[in-house]
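The values are calculated or read from the model by the stated rules, or taken from the named source; none is laboratory data. These numbers were taken from a predicted model, which means no experiment stands behind them. Note: ideal-geometry Cβ built from the backbone for every residue, glycine included; neighbour counts use all protein chains shown.
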Amino acid sequence: MKKALSEYELDAVLIDRIIEMAWEDRTPFDAIEAQFGIPEATVINLMRRNMKASSFRMWRKRVQGRATKHNALREESVKRFRCSRQKTISLNKISKR
């Protein structure tokens, strides 16, 4: 039985982090589920509820079927959850070039 979004205990900081990870093109939904225990459908509902409608539609159009967001569609050689240019998770910023 699937859990409703309200059944997940999420504070504002966790919601922001999940949205940030979902917004990134290279972070697969499987990584979000592994870290927070929230499946893809719930992440999509979370995004829908916490973003402007136009931003959600733009994100959804971009993510739909994208190979980097779904481990099943990724090449087997890609084993990482984050971009190779991204700093460690504690700083979590892409270095400027």
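Yes/no per residue for (1) at pLDDT 85 or above; (2) surrounded by 15 or more Cβ atoms within 10 Å (Cβ to Cβ):
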site	(1), (2)
Ala22	yes, yes
Ala34	yes, no
Gly37	yes, no
Val43	yes, yes
Phe56	yes, yes
Arg62	yes, no
Ala67	no, no
Leu73	no, no
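May I ask you to list the residues in the stretch 34-50 that are of a type outside the set (Phe, Trp, Tyr) and touching a helix residue (DSSP H, G or I) at 6+ places or on another chain (Cβ under 7 Å)?
Ile38, Pro39, Glu40, Thr42, Val43, Asn45, Leu46, Met47, Arg48, Asn50
Restricted to the stretch 1-19, and to residues that are of a type in the set (A, V, I, L, M, F, W, C) and surrounded by 12 or more Cβ atoms within 10 Å (Cβ to Cβ), which residue is modelled with the lowest pLDDT?
The selected residue is Leu5.
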